[in-house]
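**Q** Structure provided below as structure tokens; questions to follow.
The values are calculated or read from the model by the stated rules, or taken from the named source; none is laboratory data. What you see is a predicted model, and the numbers here were worked out from it, not measured in a lab. All Cβ positions, glycine included, derive from the backbone under ideal geometry; neighbour counts span all protein chains shown. All accessible areas refer to the heavy atoms of the entire protein, side chains included, with ligands and DNA or RNA removed. Shrake-Rupley method; radii C 1.70, N 1.55, O 1.52, S 1.80 Å.
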Amino acid sequence: MRKLKVSFIPCGVHVGVTDSFGRPFIDYQMLEKAVSSLRKIGLEVYEHKDFVRVKEDAIKAIESSEKEDVDCIILYAATWLWASEIVGAVRFTSRPILVWTAPISQGWATGGAMVLHGTLDEVGIKHKFVYGFPDDPETMRKIKAYVKAARAVRELRGTTVGLIGGFSMGAFTGRVDEAQWMEKFGINIDHVDQYMIIRTAESIPKNEVMKQYGELKNLIEDVPPLDDVMEKSIRIYLAMKKIIKENKFDLTALKCFPELGDYYATACLAQSLLGDEGFISACIGDLNTALSAYILYLLSGSPIFSPDVQQVRKEEGVVKLTSDGACPLSFAKNVKEVKLSRRGIFGEGEADGICVGFVCKPGPVTLARLCRIKGKYYLHIAVGEAYEPPKEKLEEELKACGFPYWPHAFIKLKGDVEDFIQNQRSEYISMCYGDLKEELLDLCYLLDIEPLVT
């Protein structure tokens, strides 16, 4: 993924002005520290060297920022400013705005930043106001989170999702209004028939299947023989890669069964391998799962797991997540020890397929799920800590759902468990490693989505 890029625009009218002690109003060292800190957190910074004092300065600064194709425009209040001179130029930019100043007394910048913050709100211009020193980690965390959210919103515009085969299992919460998606997210939905998966899979040369099987054996210690089920599972993976490339899909939602899984093979192995390649593919044609996962991917740049909420244990504050066959292999503590086996749940995929099995590695995680209430979008956000159950309890934990060889994640929630239960409006939730709560809240703000925070 490309590097996050911002423009840094210093604002203030007191250029060259001194106070009663002969000190300059503007703390130029603080300006340098601000730019340096932005770079230290991994942002590419376009510095607009001229101060914005009047409307013409603001127009020039905004136009140059857009030419630089920045993800976010940072208006840094270095001293008192004329908000009325800035707001007109800012009003028509397509880039999200962040207002920032350091909490120093010199230069009266606090008032300038606050009046700009208030002015932008009065005229309805979305922005974030950050008040803090450049060497404060929390300040820089807030700035980076907003820039990541701003970039994610831009990336959504023009995205194409492939819906392969439609919806299944009566999961109404996975169905969407295509016009609403285009209006709200800028996403286009293209339809492909399931038949194209089988047709393309059968056209894959045998030597390509053998090559992919060899790569699996190099990656994982214990790989089942290359029988008909294994071969068809690999063929689906290679077919999906081809279909994705030919149609220029950014993500997909695939109807795994009844048709594909009953008459050819399930796509668990394919979706697991695609996940580690940074590609989102949701099960049962669930578009809201696909988009939830894709948003996490855009914010994190890492693979995403979209399992079922298999059990919630209120008394322990634990959520058990289990997928019926698919998970990026990088979620395992040791990829070599991942188990590949037959999925084996007849009635939902009579032809069977290869699934992956392991317990997700420990670490902080973020969980997210888009949903609609009376046609309005909401985003459930939760954070927690993934853990591996003690060895003496692990076998029992895995057997409890009836399929111990499927991928599992055990999450100790940070937040109220009852809130989690009420906020979750689907069997599926998407998970990534790291705490992205701030980024998701900023994204909700930019997209006018109501956050449901556990």
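**Q** On the basis of being at pLDDT 95 or above, open to solvent by less than 10 Å² (accessible area, probe 1.4 Å), among the β-branched types (Val, Ile, Thr) and under 30 Å from Ala179 (Cβ atoms), does Ile381 make the cut?
**A** Spelling it out, Ile381 is indeed at pLDDT 95 or above, open to solvent by less than 10 Å² (accessible area, probe 1.4 Å), among the β-branched types (Val, Ile, Thr) and under 30 Å from Ala179 (Cβ atoms).
**Q** Filter the range 281-293 down to the residues that are under 13 Å from Ile164 (Cβ atoms) and either of a type outside the set (A, V, I, L, M) or open to solvent by 10 Å² or more (accessible area, probe 1.4 Å) (or both) and list them by number.
**A** Within the range 281-293, the subset under 13 Å from Ile164 (Cβ atoms) is 281-287, 290.
Those that are under 13 Å from Ile164 (Cβ atoms) and either of a type outside the set (A, V, I, L, M) or open to solvent by 10 Å² or more (accessible area, probe 1.4 Å) (or both): Ser281, Cys283, Gly285, Asp286.
**Q** Could you pull out the residue among Lys67, Lys60 that is farther than 23 Å from Ser300 by Cα, free of Cβ contacts under 8 Å to residues at least 60 places away in the same chain, of a type in the set (D, E, K, R) and in contact with a His (Cβ under 9 Å, 6 or more places away or on another chain)?
**A** Details: Lys67 fails: in contact with a His (Cβ under 9 Å, 6 or more places away or on another chain).
Answer to the check: Lys60.
**Q** Tell me yes or no: at least one residue of the range 64-78 is open to solvent by less than 30 Å² (accessible area, probe 1.4 Å) and assigned to a helix (DSSP H, G or I).
**A** Among the residues of the range 64-78, at least one is open to solvent by less than 30 Å² (accessible area, probe 1.4 Å) and assigned to a helix (DSSP H, G or I), which makes the answer yes.
**Q** Residue check: is Ala253 in contact with a strand residue (DSSP E or B) (Cβ under 7 Å, 6 or more places away or on another chain) and part of a strand (DSSP E or B)?
**A** Judged against the criteria, Ala253 is a match.
**Q** When you scan the range 303-376 for strands (runs of 3 or more DSSP E) that lie fully inside it, which ones turn up with 2 or more residues that are more than 19 Å from Asp276 (Cβ to Cβ)? Reasoning before the result, please.
**A** Values: elements: 308-313, 318-322, 339-342, 354-357, 363-373.
Strands (runs of 3 or more DSSP E) meeting the threshold: 308-313, 318-322, 363-373.
**Q** Continuing with the same structure: Which one of the conditions (1) closer than 24 Å to Lys144 by Cα; (2) open to solvent by 20 Å² or more (accessible area, probe 1.4 Å) does Val35 fail to meet, given that it meets all the rest?
**A** (2)
**Q** Among the candidates Gly415, Gly434, single out the residue that is surrounded by fewer than 18 Cβ atoms within 10 Å (Cβ to Cβ), under 19 Å from Pro303 (Cβ atoms) and small (Gly, Ala, Ser).
**A** Gly434
**Q** Being open to solvent by less than 10 Å² (accessible area, probe 1.4 Å), β-branched (Val, Ile, Thr) and closer than 22 Å to Leu219 by Cα is true for just one of Val356, Val335. Which residue is that?
**A** That would be Val356, the only listed residue that is open to solvent by less than 10 Å² (accessible area, probe 1.4 Å), β-branched (Val, Ile, Thr) and closer than 22 Å to Leu219 by Cα.
**Q** Turning to a different aspect of this structure: Suppose we keep only residues that are open to solvent by less than 10 Å² (accessible area, probe 1.4 Å) and in contact (Cβ under 8 Å) with a residue 60 or more places away in the chain within the range 384-408. Which one would you say is farthest from Cys327 (Cα to Cα)?
**A** Step by step, filter the range 384-408, then rank; the result is Gly384.
**Q** Could you list, in sequence order, the residues of the range 6-21 that are in a loop (DSSP other than H, G, I, E, B) and aromatic (Phe, Trp, Tyr)?
**A** Phe21
**Q** Continuing with the same structure: Hey, among Leu296, Leu269, Leu274, which residue is at pLDDT 95 or above, in contact with a strand residue (DSSP E or B) (Cβ under 7 Å, 6 or more places away or on another chain), part of a helix (DSSP H, G or I) and surrounded by fewer than 24 Cβ atoms within 10 Å (Cβ to Cβ)?
**A** One residue alone meets the criteria, Leu274.
**Q** Is it the case that the range 388-396 has a residue that's within 20 Å of Asp286 (Cβ to Cβ) and among the basic types (Lys, Arg)?
**A** no
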